[in-house]
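Have a look at the structure below, then the notes.
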Amino acid sequence: MKSNGFELDYMPRLPENKDMTIGCIGSGFIMADCHLVAYRQVGFNPVAIASRNPENSKAVAERHHIKKVYNNYKDLMKDDSISVIDIAVPPDKVLEIIQEAVKHADHIKGILAQKPMGRNYTEAKEIVWLCENAGITLSANQNMRYDQSIRACKSLIDQKLLGKPVFASIDMRAIPHWMDWQERLGWATLRTMSIHHLDSFRFLFGDPDRVYCSVTQDPRTVKKFSHEDGISLYILEYDNGLRASAWDDVWSGPCREGSESDIYINWRVEGTKGIAKGTIGWPYYPTSTPSTMDFTTIQHPGEWLKPRWDEVWFPDAFAGPMAQLICAIEDNKEPELSGKDNLKTMALVDACYQSYKEHRAISIDEIINNK
């Protein structure tokens, strides 16, 4: 996309071989309404599906014209016509599925694992080791990196149009749909919502040197299940001076209890040569709402530039993680969203948990070196 003479690279690179066969594990909302919708839009080739609920698998297969339905994921993995496994299940089930997948490395060449990639850094590290040892290309489905506004901002940063980043923020006031497995695991925000923001900060700026996190319970959600990490606030410190901060407010006031609603996600990046600010359209799903980005730079003084697009995060951006995995297999290169890279995101999330419990800043290295 060109905007007032600036080139913005905000869409994923698609592979040459869109016919690479995909076996889908999971038949819930993320698979049925995001993954498979996005895959069909760009011409990918899902050929089989399995989940814990075979009847639901059959319904999803019929909806998305998938010919093969298996009673369980073990049977699906025995199908030697399948080259890529797409996993969209609760995080406490990912390891056992990948333990089975690596037994079929003769035909399984790639795995896309939904975030979080396991229950914690230690489990994610084992998943990475299993795939590396089997010669399987592993990617984590950190799909906010493919939100169009986040990629457009990354394009500005890479072109030095914002100069040296000084301060960045994400302000989320949104009420997620909580999933049954979260009650089982006792997680609310950090591993489900904040992980997107933490990974996006890593995508934009690289690895922070430490993080300080503070949390409190969400008054609404605590009535459904016990948790600590409801409203989550955190500051990422970079030794080069950059600071990045997010306020992940899943309470957002009593708007489900009778007050007016004020739901949004806004982000902002300030640099030495420019400012970019944007909105994330996800909170308005299923209303199709594109994310936005406005930016100003000293190279184009006195004006806010406002490029726009029709694509949305949910579901369009979900094509990106699968596209980069297939491209990596084609190119015989490490994928952008490699499992190995995602270990840093998993460590950063674990650091947030340790930080709020110990009331101190925690470095990523402290997590990595102690596991």
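The values are calculated or read from the model by the stated rules, or taken from the named source; none is laboratory data. As the structure is a prediction and not an experimental result, all values here were calculated from the model. Cβ placement follows ideal geometry from the backbone for every residue including glycine, while neighbour counts extend to all protein chains displayed.
For region 201-212, a tally of residues being under 14 Å from Trp247 (Cβ atoms) and either assigned to a helix (DSSP H, G or I) or at pLDDT below 95 (or both) returns 1. When the criteria are applied in full, Glu228 meets the requirement of being touching a residue at least 60 places away in the same chain (Cβ under 8 Å) and over 21 Å from Met144 (Cβ atoms). Here is the figure for region 316-333: residues that are touching a Leu at 6+ places or on another chain (Cβ under 7 Å) and β-branched (Val, Ile, Thr) total 0. Of the residues making up region 6-33, those that are under 27 Å from Lys306 (Cα atoms), out of contact with any strand residue (DSSP E or B) (no Cβ under 8 Å at 6 or more places or on another chain) and not in a strand (DSSP E or B) are Asp9, Tyr10, Met11, Pro12, Arg13, Leu14. How many residues, within region 158-175, are farther than 28 Å from Pro286 by Cα and either part of a loop (DSSP other than H, G, I, E, B) or not assigned by TED's automatic domain parsing to the domain that holds Arg308 (or both)? Residues in region 158-175 being farther than 28 Å from Pro286 by Cα and either part of a loop (DSSP other than H, G, I, E, B) or not assigned by TED's automatic domain parsing to the domain that holds Arg308 (or both): 6 in total. Is it the case, given these coordinates, that Ser149 is of a type in the set (Ser, Thr, Tyr) and assigned by TED's automatic domain parsing to the domain that holds Thr279? Yes: the conditions hold for Ser149. Taken together, the residues in region 62-104 that are among the acidic types (Asp, Glu), more than 22 Å from the chain's Cα centre (by Cα) and closer than 21 Å to Gly118 by Cα amount to 1. Look through region 254-287, keep the residues that are touching a strand residue (DSSP E or B) at 6+ places or on another chain (Cβ under 9 Å) and basic (Lys, Arg), and return whichever of them is surrounded by the most Cβ atoms within 10 Å (Cβ to Cβ). By that ranking, first place goes to Lys277.
So that you can scan it fast, the table gives a plain yes or no per residue for (1) in the same structural domain as Cys352 (by TED's automatic domain parsing); (2) crowded, with 20+ Cβ neighbours inside 10 Å; (3) not in a strand (DSSP E or B):
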residue: His177; (1), (2), (3): yes, no, yes
residue: Asp199; (1), (2), (3): yes, yes, yes
residue: Ser214; (1), (2), (3): yes, no, no
residue: Phe225; (1), (2), (3): yes, no, yes
residue: Gly241; (1), (2), (3): yes, no, yes
residue: Ala246; (1), (2), (3): yes, yes, no
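A residue that is assigned to a strand (DSSP E or B), touching a residue at least 40 places away in the same chain (Cβ under 8 Å), among the polar types (S, T, N, Q) and more than 28 Å from Ala32 (Cα to Cα) cannot be found anywhere in region 267-274. Name the residues in region 83-102 that are in a loop (DSSP other than H, G, I, E, B) and surrounded by fewer than 23 Cβ atoms within 10 Å (Cβ to Cβ), would you? Ser83, Val89, Pro90, listed by residue number.
Within region 125-157, the residues that satisfy the criterion of being more than 29 Å from Gly278 (Cβ to Cβ), touching a strand residue (DSSP E or B) at 6+ places or on another chain (Cβ under 9 Å) and in a helix (DSSP H, G or I) are Ile127, Val128, Leu130, Cys131, Glu132. What are the residues in region 288-297 that are surrounded by fewer than 20 Cβ atoms within 10 Å (Cβ to Cβ) and in contact (Cβ under 8 Å) with a residue 24 or more places away in the chain, if any? Residues satisfying the conditions are Ser288, Pro290, Thr292.
Condition check ((1) among the aliphatic types (A, V, I, L, M); (2) in contact with a helix residue (DSSP H, G or I) (Cβ under 9 Å, 6 or more places away or on another chain); (3) at pLDDT 95 or above) across all residues:
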residue	(1), (2), (3)
Ile108	yes, yes, yes
Lys115	no, yes, yes
Asp171	no, no, yes
Glu183	no, no, no
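Against the test of being more than 16 Å from Val349 (Cα to Cα) and either surrounded by 18 or more Cβ atoms within 10 Å (Cβ to Cβ) or among the hydrophobic types (A, V, I, L, M, F, W, C) (or both), the options Trp181, Trp187 yield a single qualifying residue, Trp181.
With the requirement that a residue be among the β-branched types (Val, Ile, Thr) and either within 23 Å of Phe29 (Cβ to Cβ) or surrounded by 22 or more Cβ atoms within 10 Å (Cβ to Cβ) (or both), what does region 298-326 give you? If the condition is that a residue be among the β-branched types (Val, Ile, Thr) and either within 23 Å of Phe29 (Cβ to Cβ) or surrounded by 22 or more Cβ atoms within 10 Å (Cβ to Cβ) (or both), then Val312, Ile326 are the ones that fit.
In the set (1) touching a helix residue (DSSP H, G or I) at 6+ places or on another chain (Cβ under 9 Å); (2) farther than 23 Å from Pro335 by Cβ; (3) buried (at least 17 other Cβ atoms within 10 Å of the Cβ), the condition left unmet by Asp33 is number (1).
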